[in-house]
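Everything on this sheet refers to the single structure shown next.
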């Protein structure tokens, strides 16, 4: 099996080399770029399996580079891990809304970086396998939570749980990509469409109600402070 190819776009040479070193130790093939322009050119020439993209870059910034990556058919589904100096920076939220899969906060632990990369690649592989192999009416299962989209049915430990349409759509969104962080605005766009009024409070109320209905399993829906929500990866 070929090694996963990781594109690291970071202008600080010390941080870039640190990322490349630790990812290389894990067996990944690492390609480096110091600017967004160079990173986009590299991705166009040979699409990577994942991109680690700094937010603050000279010239074109990371958010614009992310927009362009997601606009290209060859990289639209490529996982992107954003790197930001502050975990609650509005740029992190903007990146998640534009399609980034996750983020790391500087200064970061190399082991955290490797774990986030590994998890993003695993989610991509699982998502591809699900879409390719699973029957159209197969339930989505995470632990003992089983969500049947075509039947609009949810069972927790075998017992049926009644959800509103919005709660059901919210849970399905989170369960399809466990571990991925979704901003509140991205949740609303996915669940109700872009024309629905976006407020933090509206999302928080739906999440609170959903957690209560899930009972003890409500803890699987995790709050990422200052950003949004994710569904815990369940073994």
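Readers should treat all values here as calculations from the given coordinates under stated rules, not as data from a laboratory. Please read all numbers here as calculations on a predicted model, not as lab measurements. Don't worry about glycine lacking a Cβ; one is built from the backbone with ideal geometry, like all the others, and counts go over all protein chains shown.
Post the alpha-carbon centroid distance, segment 138-191 to segment 1-69, in whole angstrom.
So the two Cα centres are separated by 32 Å.
Under 1.5 on a/c is rounded, so check that first for segment 5-127, then, if it is not, pick prolate when a/b is larger than b/c and oblate when it is not; a ≥ b ≥ c are the square roots of the alpha carbon gyration tensor eigenvalues.
rounded
Counting other beta carbons within 10 Å of each residue's own, what order do 144, 91 fall into, fewest first?
Listed from fewest to most nearby Cβ atoms, that is 144, 91.
Considering the convex hull of the alpha carbon atoms of segment 134-231, report its projected area averaged over all viewing directions, in nm², one decimal.
6.2 nm²
For helix 110-133, report the angle its Cα long axis makes with the longest principal axis of the Cα atoms of the chain; keep it between 0 and 90° and round to the nearest 10°.
Computed tilt is about 60 degrees.
Let me check against my output: what whole-number percent is the relative contact order of the chain, with C-alpha pairs under 8 Å and at least 6 apart?
Relative contact order of the chain: 13 percent.
Roughly what angle does helix 13-25 make with the longest principal axis of the chain, taking Cα atoms, 0 to 90 degrees, to the nearest 10?
Taking Cα atoms only, the helix is inclined about 60 degrees.
Would you mind ranking 70, 212 by Cβ crowding within 10 Å, fewest neighbours first?
In increasing order of surrounding Cβ atoms, one gets 212, 70.
Starting from 0.36 nm per residue, how many nanometres of slack lie between residue 155 and residue 225 once their C-alpha separation is accounted for?
Using 0.36 nm per residue and subtracting the Cα-Cα distance, I get 22.4 nm.
Calculate the FRET efficiency for residue 202 and residue 162 from the Cβ-Cβ distance with a Förster distance of 25 Å, rounded to the nearest 0.05.
0.75
Using only the alpha carbons of the chain, determine the length spanned along each of the three principal axes and report them from longest to shortest in whole angstroms.
Dimensions of the chain along the principal axes of its Cα atoms: 53, 40, 32 Å.
Label residue 232 and residue 37 with points 7 Å out from Cα along Cα→Cβ: what is the distance between them in nm?
Roughly 4.7 nm, to one decimal.
In percent, how large is the relative contact order of segment 5-127, given Cα pairs closer than 8 Å and 6 or more residues apart?
Answer for segment 5-127 is 23 percent.
So between residue 115 and residue 61, what do we pick up on full extension, going 0.36 nm a residue minus the alpha carbon distance?
Extra length from residue 115 to residue 61 when fully extended: 16.9 nm.
Once you put a point 7 Å from the Cα of residue 71 and another 7 Å from the Cα of residue 146, both along the Cβ direction, what distance in nm separates them?
So the two model labels end up 4.5 nm from each other.
I'd like the orientation of helix 36-45 relative to the chain: the angle between its Cα long axis and the longest Cα principal axis, in ° from 0 to 90, rounded to 10.
The helix 36-45 is inclined about 80 degrees to the chain.
Exposure proxy check: 11, 54 ranked by fewest other beta carbons within 10 Å?
Ordered from fewest to most neighbouring Cβ atoms within 10 Å, 11, 54 come out as 11, 54.
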